[in-house]
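Structure first, commentary second.
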Protein chains: 4
Amino acid sequence: MKHGVLIVGMNGATANTTIVGALLGTQEELALGSITSGMQGLSRHLSRESSFVFGGWDVSSPSPLELANSYHILPTEVLSRSSPILESLRPMRAVISRHDTMEAKALAEGNAEHLCELERLKSEIAQFCQMNDLQTCTVVYLASPLALAEPAVLNATLTDLKLMLEKNDPRLPSAILYAYAAIESGAAFVDFTPNITLDVPGVQALAEQSGVPIAGRDGSTGQTLMKTVLAEMFQVRNLRLKGWYSANILGNNDGIVLSRPEHRELKMHDKLAVLEQILGYDGFAHAVDITYYPPRGDSKEAWDSVDFTGWFSQPMAMKIDWQGRDSILAAPLVLDLCKHMQFAQSKGSIGIQEHLAIYFKQPIRTGALAFSAAARRLREYYQ
Amino acid sequence: MKHGVLIVGMNGATANTTIVGALLGTQEELALGSITSGMQGLSRHLSRESSFVFGGWDVSSPSPLELANSYHILPTEVLSRSSPILESLRPMRAVISRHDTMEAKALAEGNAEHLCELERLKSEIAQFCQMNDLQTCTVVYLASPLALAEPAVLNATLTDLKLMLEKNDPRLPSAILYAYAAIESGAAFVDFTPNITLDVPGVQALAEQSGVPIAGRDGSTGQTLMKTVLAEMFQVRNLRLKGWYSANILGNNDGIVLSRPEHRELKMHDKLAVLEQILGYDGFAHAVDITYYPPRGDSKEAWDSVDFTGWFSQPMAMKIDWQGRDSILAAPLVLDLCKHMQFAQSKGSIGIQEHLAIYFKQPIRTGALAFSAAARRLREYYQ
Amino acid sequence: MKHGVLIVGMNGATANTTIVGALLGTQEELALGSITSGMQGLSRHLSRESSFVFGGWDVSSPSPLELANSYHILPTEVLSRSSPILESLRPMRAVISRHDTMEAKALAEGNAEHLCELERLKSEIAQFCQMNDLQTCTVVYLASPLALAEPAVLNATLTDLKLMLEKNDPRLPSAILYAYAAIESGAAFVDFTPNITLDVPGVQALAEQSGVPIAGRDGSTGQTLMKTVLAEMFQVRNLRLKGWYSANILGNNDGIVLSRPEHRELKMHDKLAVLEQILGYDGFAHAVDITYYPPRGDSKEAWDSVDFTGWFSQPMAMKIDWQGRDSILAAPLVLDLCKHMQFAQSKGSIGIQEHLAIYFKQPIRTGALAFSAAARRLREYYQ
Amino acid sequence: MKHGVLIVGMNGATANTTIVGALLGTQEELALGSITSGMQGLSRHLSRESSFVFGGWDVSSPSPLELANSYHILPTEVLSRSSPILESLRPMRAVISRHDTMEAKALAEGNAEHLCELERLKSEIAQFCQMNDLQTCTVVYLASPLALAEPAVLNATLTDLKLMLEKNDPRLPSAILYAYAAIESGAAFVDFTPNITLDVPGVQALAEQSGVPIAGRDGSTGQTLMKTVLAEMFQVRNLRLKGWYSANILGNNDGIVLSRPEHRELKMHDKLAVLEQILGYDGFAHAVDITYYPPRGDSKEAWDSVDFTGWFSQPMAMKIDWQGRDSILAAPLVLDLCKHMQFAQSKGSIGIQEHLAIYFKQPIRTGALAFSAAARRLREYYQ
């Protein structure tokens, strides 16, 4: 039994690492950093990386293997292994809209009309499933965060969306075209980025109508994960949060894109909303800086300066320096999500998969949950 | 309805802050830092600080108010309030053994024989309850950590203990005399320090025979608390711990005592055992340093350097600088425990109170639990 | 012998702390944090705080003592001392221009024409000197950083400046009016902020023509100071800098103003230029974030993440968390500068005082110097 | 013209890295981290690594190349280069005494009598010089820190030393035998470890009589270097040090040895003495922890928590996390010292080379100097 994974932005660092790692890694190498491998009893319900067939779209054309060698993320001894499937893998032509990054817009070939592109994507998905004899297919959005969409899009019903498609409305972000195509093709859709795609009522309606599971948004890999972990401690211990400052330094393409205000907006929102949602109060200072810092490469450093008060309002503080690795943290979560979506499809789970909240900064519908509460939800779903 | 709280070592910084704060603070000032105030639905089961009558033993004689003014832990405007009860409060004479600190031994008047001291303690408890017309009474051990007791004590049955008492055996630590006296008097007993008192089978047996609740050991206030919080994150995310180094700098009396190997031994054990117990594996490096550093005063700084690996065994790290306040963190937990023990007595809960694991580094019987699991246990007990 | 100190922005936190501290503090309390007190042999050349008479301008009217009580920067026991001079002190009406902050513009009464304001300032300086029987007078600019001036101003000759004054040119920043008034009045002028005032050729020419000493710009108190200290270590040890990321969190008015791009521009420049100037090479990443974070108050936290390589280009790193206090660090330097300027006037030192480079992020003419080199320059000047 | 470098403990990590790096590295790879390469004008006086011939003694026998491959300190592409000289290199048999580590004592063959070993060492040095046709030779002590020597040794005159040699006195540490042999052979002697060898009056006298330069002690590579850099800032800025806590975690053999009290004693002294010597006052808290932490390997992490006060005694703080690499930092300094000693020999500089203070934690005779003062001394020597 084979399962398809189609990645939007398949030549980005995380997507590339996910694909190349999954195809070249041993079961043991792939286990660390994966929730489904760590959580007792989960793996027996789920498919393995070896059952996955990968594909995807990108504005850039280099082969995944070539790219992996330039990214220096996976160990060289892993990259020196061979895989005939990997060697033949190439991205399909990406759809873009004015919300894409200027680099993507410069690289992309001209788009056709919305309906035309939609048809192309659907036929590519169908062909991918047929040629590979796939049981299920999941489309994962991993391209650079888009500029924030207009309110008309954010609030669009399914009828609105259809009209926008027909009218070739330039306000329609490319990510919605992918989601639309996936869902209409019966493929699950995951948004691992801060885009608003799955918040749009029309997209949710389409998923429900089409009987397709969806999950998002904005993968929780490092600093925000820590916030969901520590916020619970503050809450249970009744230590009152007074302020939380977060600096982020990134040296990869994400760093460049997120240093631009229009692409950063949603990411900032997602990072900032977490604390209030979990603590249940506001009235504290919360600031986040994201800065492009080339020496970090694909590594990711975050520094948090946290102020809180205890008994008799006495001030205390905590500082955390997190030295993570962007793609190494994200890739096993992306693969986890594909396994969960495959399982959801096999079970007939439809619409927003709330039990996957642990994977996201801003899980659709539930909002941010305390880490342990989110873990419990996942555990209970599989019991 | 009044409830008694008798503190062993009532002139130490945490004990003094607990008593003076409870007697002078407003309901609002006392709420922060208290789990029972933060956890929804708990407070309605529990008594308030205003129903507590305080007393205790110490080797030093100054009045609590005098001491509080020298400790500089509670805000001066709080200390300038008046309380007739507080003003009349004085410690009773402490019992000591060779396991006490050299400072305690220098200050203490000569002990009488074990049985004689035991009788004295019991009659003091009885008198305290009678004079104050108390419904229940809890004895809390907050004196300096004792030197490690001999294995004969650690494994002593109730019969062994009785023999040691009769023979005036010098291996019997003073803390066991207090526990014995409390339990035989029908008072609950809490050990907030790293002593082995409640691990002794004979002490547990006595509590069960006497129908008395007990809870311990070693209050979890800062760095170890963080370990119970973060260990769960590592476990659920399946990030493999490779090493955890912890430095602690303290400037109060605890810092002096814990800088001595014989008094540090158990504290170190309690700090070190936590990670393996929660993670369920060993094979990582774990080191803890505790250093006396006078400029910190009653504040407490802890620095953790944590190494872990993720996907494809790629190394990542986290560093945490915790700038807490020792007594400000501990006092509301001590008061919480008195409320829980009063509730346990009213419900007829006997022996080790496992639902209080969240308060301790090494909760008796359960061992260290992940923070959220411990919080759930507490929540469930009151449902 | 009395010496005048007139502060532009005298109701800001640093200016207020400087004045109130100097008038209420003992010699001993004023010594720490002062270079002239620490550097052997300097103090005998210099006047003391007790010989200083203070005054200044501001858009806000509250009395210095009232403000000091709200700033919570100086200890309350100091503020409870009395000083008749301090009690009678009030700011004179400030001059502003479109480069001032929106808060200043909202508070300020309407300006008269440039020449008219210039005359007013000069007559206020003259009156201040005469009434207080002053030997010398120094004007110190401590108001909020102005928005960056136009290139026409930055490159203006003395003739250009005169024309701008006559034509009431709105491009002329208020700070230049103060400098102009001070210099024409024979008063020394110090710019402790990132304004370009003293970089303007016309201002330098006026100081030389008028025989007046000037010094600036942008006081070096914390993070940038550390850069001048550490850059020398990297240079001498031949460790190659690869990147330096600096986060700054501030909770005072400076934090609000510097969080606005137009007011931050020069500060950023000054912070960024330091490393290249001292190291003598570029090619490393250097980024600075400045974020308003109210919980910090007048305290100032800076976090630096520094990357460098050594033998065989092996990467190493350093992280520094600096927990300073803005006004407490700045005030003794401001007083130091007033003493140096008084000495310069007594010696007939004219124009840019290069030996004061140690006090500034971007010392005019010399550019940033390694800390020890700057210290040596100061020491040598007084030998 | 060839110059000899004989290393005591040549199979330790730093010594091995020094030798293998010097023989396999390019001029450019060797430059970073070297003071003589960074300091303008120095290199023209000094010999290059390519003129060095290496040898040495050790208790372990593996070949340097074999070891380098297990140490993982130098990049693999460097280790894959070939060097006929390196391939033939083997350690000579080490001398030991009871002060050596238990590992060394277990590995060592039995020592002969002192005078006999001394003669052997001298003849080995002579043979090394003759066979390689060397102009000069320097012996560098890089073996594990010895246990502290008895006072009788510390205060020994040359006459005392001779007597101890003759009587085969077991109190004589092995390091003194090496120093004695080197100096009597006319070879310069450098002690890069915390041993007291060069503090002994008799060793200094022998060097002066023999016309040989000596330099030590205890190489300054990381945390202590930072102290010499920052202490100057505190002094010039008149910020009063209140406390300095330093944690060190090391994962190499040095970490194991220094975790033993008897071998740590001198290292601790050297680390602790620095601040008072530079600041010129005491009365602050100063504590250092050194902990063996295997995950760090040859990397070295140091965390410093520094407390100081400024104006009106207001408290401020700094925390520094230094993530260095032990051998990578030390090796270029060892090579620098060999070049300096060769130059000293060519110039006829005799006895303690005070201008090399910048290289040591406890430079003999001068004591610790502020970093910039030490740099100036070195610079001036070569002018």
Does segment D:25-48 contain any residue that is of a type in the set (A, V, I, L, M, F, W, C), at pLDDT below 95 and over 19 Å from residue D:333 (Cα atoms)?
no
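Does residue C:237 meet the test of being under 24 Å from residue C:7 (Cβ atoms) and either over 16 Å from the mean Cα position of the chain (by Cα) or within 14 Å of another protein chain (Cβ to nearest Cβ) (or both)?
Working: under 24 Å from residue C:7 (Cβ atoms): no; either over 16 Å from the mean Cα position of the chain (by Cα) or within 14 Å of another protein chain (Cβ to nearest Cβ) (or both): yes.
Judged against the criteria, residue C:237 is not a match.
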Select the helices (runs of 4 or more DSSP H) contained entirely in segment C:143-197, then report the ones holding at least 1 residues which are within 27 Å of residue C:358 (Cα to Cα) and open to solvent by less than 10 Å² (accessible area, probe 1.4 Å).
C:151-154, C:174-184
Hey, residue B:72 hits all of (1) within 16 Å of residue B:18 (Cα to Cα); (2) surrounded by fewer than 18 Cβ atoms within 10 Å (Cβ to Cβ); (3) at pLDDT 95 or above but one; which does it fall short on?
(3)
Under 30 Å from residue C:76 (Cβ atoms) and in contact (Cβ under 8 Å) with a residue 24 or more places away in the chain: is that true of residue D:285 in this structure?
yes
When only residues in segment B:207-234 that are assigned to a helix (DSSP H, G or I), open to solvent by 10 Å² or more (accessible area, probe 1.4 Å) and closer than 20 Å to residue B:344 by Cα count, which is nearest to the other protein chains (Cβ to nearest Cβ)?
B:208
Hey, can you tell me all the residues within segment D:253-297 that are within 22 Å of residue B:308 (Cα to Cα) and at pLDDT 90 or above?
D:290, D:291, D:292, D:293, D:294, D:295, D:296, D:297
Scanning segment D:250-270 residue by residue, the ones that are in contact with a helix residue (DSSP H, G or I) (Cβ under 8 Å, 6 or more places away or on another chain) and either away from every other protein chain (no Cβ under 14 Å) or under 30 Å from residue C:359 (Cα atoms) (or both) total 6
What number of residues within segment D:353-383 satisfy the criterion of being in contact with a strand residue (DSSP E or B) (Cβ under 6 Å, 6 or more places away or on another chain) and surrounded by fewer than 20 Cβ atoms within 10 Å (Cβ to Cβ)?
1
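Based on what the data block shows, is residue D:24 more than 28 Å from residue D:381 (Cβ to Cβ) and either within 14 Å of chain C (Cβ to nearest Cβ) or in contact with a strand residue (DSSP E or B) (Cβ under 8 Å, 6 or more places away or on another chain) (or both)? Explain how you work it out, then say what you get.
Numbers: more than 28 Å from residue D:381 (Cβ to Cβ): yes; either within 14 Å of chain C (Cβ to nearest Cβ) or in contact with a strand residue (DSSP E or B) (Cβ under 8 Å, 6 or more places away or on another chain) (or both): yes.
The answer is yes for residue D:24.
Can you tell me which residue among D:289, D:298, D:321 is surrounded by fewer than 24 Cβ atoms within 10 Å (Cβ to Cβ), of a type in the set (D, E, K, R) and facing chain C (nearest Cβ under 9 Å)?
D:321
Suppose the filter is closer than 23 Å to residue A:187 by Cβ and in contact (Cβ under 8 Å) with a residue 12 or more places away in the chain; does residue A:91 pass it? Before the answer, list the steps.
Values: closer than 23 Å to residue A:187 by Cβ: yes; in contact (Cβ under 8 Å) with a residue 12 or more places away in the chain: yes.
Here the answer is yes, as residue A:91 does meet what is asked.
Among the residues of segment B:76-98, write down those that are surrounded by 15 or more Cβ atoms within 10 Å (Cβ to Cβ) and in contact with a helix residue (DSSP H, G or I) (Cβ under 6 Å, 6 or more places away or on another chain).
Here is the first cut: in segment B:76-98, the ones surrounded by 15 or more Cβ atoms within 10 Å (Cβ to Cβ) are B:78-79, B:86, B:89, B:91-97.
Listed by number, the residues that qualify are B:78, B:79, B:86, B:89, B:92, B:95, B:96, B:97.
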Across segment B:324-339, what is the number of residues that are farther than 17 Å from residue A:236 by Cα and either more than 8 Å from chain A (Cβ to nearest Cβ) or assigned to a helix (DSSP H, G or I) (or both)?
3
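Test residue C:112 against the stated conditions and say whether it is surrounded by fewer than 22 Cβ atoms within 10 Å (Cβ to Cβ), of a type in the set (A, V, I, L, M), over 22 Å from the mean Cα position of the chain (by Cα) and under 20 Å from residue C:59 (Cβ atoms).
Details: surrounded by fewer than 22 Cβ atoms within 10 Å (Cβ to Cβ): yes; of a type in the set (A, V, I, L, M): yes; over 22 Å from the mean Cα position of the chain (by Cα): yes; under 20 Å from residue C:59 (Cβ atoms): yes.
Against the criterion (surrounded by fewer than 22 Cβ atoms within 10 Å (Cβ to Cβ), of a type in the set (A, V, I, L, M), over 22 Å from the mean Cα position of the chain (by Cα) and under 20 Å from residue C:59 (Cβ atoms)), residue C:112 qualifies.
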Subset of segment D:260-309, residues of a type in the set (Asp, Glu), under 22 Å from residue D:14 (Cα atoms) and assigned to a helix (DSSP H, G or I), comes to D:262, D:265, D:270
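Of everything in segment A:301-318, what is more than 7 Å from every other protein chain (Cβ to nearest Cβ) and either open to solvent by less than 10 Å² (accessible area, probe 1.4 Å) or within 15 Å of residue A:253 (Cα to Cα) (or both)? Give them in sequence order.
Initial filter on segment A:301-318 (more than 7 Å from every other protein chain (Cβ to nearest Cβ)): A:302, A:304, A:306, A:308, A:315.
Result: A:302, A:304, A:306, A:308.
Between A:231, A:147, A:205, A:143, which is of a type in the set (A, V, I, L, M, F, W, C) and out of contact with any helix residue (DSSP H, G or I) (no Cβ under 7 Å at 6 or more places or on another chain)?
A:143
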Can you give me the ranges of the helices (runs of 4 or more DSSP H) entirely in segment B:1-65 with at least 3 residues that are out of contact with any Cys (no Cβ under 6 Å at 6 or more places or on another chain) and open to solvent by 10 Å² or more (accessible area, probe 1.4 Å)?
B:13-24, B:27-31
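Among the residues of segment C:361-376, what is the count of those that are small (Gly, Ala, Ser) and away from every other protein chain (no Cβ under 14 Å)? Break it down into steps so the answer makes sense when it comes.
Kept after step one, since they are small (Gly, Ala, Ser), are these residues of segment C:361-376: C:367-368, C:370, C:372-375.
Within this subset, residues satisfying the condition of being away from every other protein chain (no Cβ under 14 Å) are C:367-368.
Looking only at that region, the number is 2.
Does segment D:327-341 contain any residue that is open to solvent by 20 Å² or more (accessible area, probe 1.4 Å) and acidic (Asp, Glu)?
Start the filter on segment D:327-341 by keeping residues that are open to solvent by 20 Å² or more (accessible area, probe 1.4 Å), which leaves none.
The answer is no, given that none of the residues of segment D:327-341 is open to solvent by 20 Å² or more (accessible area, probe 1.4 Å) and acidic (Asp, Glu).
Residue D:247: surrounded by 22 or more Cβ atoms within 10 Å (Cβ to Cβ), away from every other protein chain (no Cβ under 12 Å) and not in a helix (DSSP H, G or I), yes or no? Give the steps one after another, and end with the answer.
Details: surrounded by 22 or more Cβ atoms within 10 Å (Cβ to Cβ): yes; away from every other protein chain (no Cβ under 12 Å): no; not in a helix (DSSP H, G or I): yes.
Spelling it out, it is not the case that residue D:247 is surrounded by 22 or more Cβ atoms within 10 Å (Cβ to Cβ), away from every other protein chain (no Cβ under 12 Å) and not in a helix (DSSP H, G or I).
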Residue match in segment D:340-363 (condition: assigned to a strand (DSSP E or B), over 20 Å from residue D:228 (Cβ atoms) and either in contact (Cβ under 8 Å) with a residue 12 or more places away in the chain or not small (Gly, Ala, Ser) (or both))
yes
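Among D:302, D:273, which is of a type in the set (Gly, Ala, Ser) and in contact with a Phe, Trp or Tyr (Cβ under 9 Å, 6 or more places away or on another chain)?
On the way: D:273 fails: in contact with a Phe, Trp or Tyr (Cβ under 9 Å, 6 or more places away or on another chain).
Checking each option against the conditions leaves just D:302.
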When you look at residue A:161, is it among the hydrophobic types (A, V, I, L, M, F, W, C) and under 12 Å from the mean Cα position of the chain (by Cα), yes or no?
no
Restricting to segment B:94-110, name every residue that is of a type in the set (A, V, I, L, M) and without any contact (Cβ under 8 Å) to a residue 40 or more places away in the chain.
B:102, B:106
Let me confirm something: among D:306, D:288, which residue is touching a Ser or Thr at 6+ places or on another chain (Cβ under 6 Å) and within 26 Å of residue B:301 (Cβ to Cβ)?
D:288
List the number of the failed condition for residue B:37; all other conditions in (1) within 11 Å of chain A (Cβ to nearest Cβ); (2) within 17 Å of residue B:79 (Cα to Cα) hold.
(2)
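The values are calculated or read from the model by the stated rules, or taken from the named source; none is laboratory data. Fair warning: this is a prediction, and the values are worked out from it, not measured in the lab. For neighbour counting, all protein chains shown are included, and Cβ atoms are generated from backbone atoms with ideal geometry for every residue, glycine included. The protein model used for the area step is the full one, side chains on, heavy atoms only, and it has no ligands, DNA or RNA in it. Shrake-Rupley method; radii C 1.70, N 1.55, O 1.52, S 1.80 Å.
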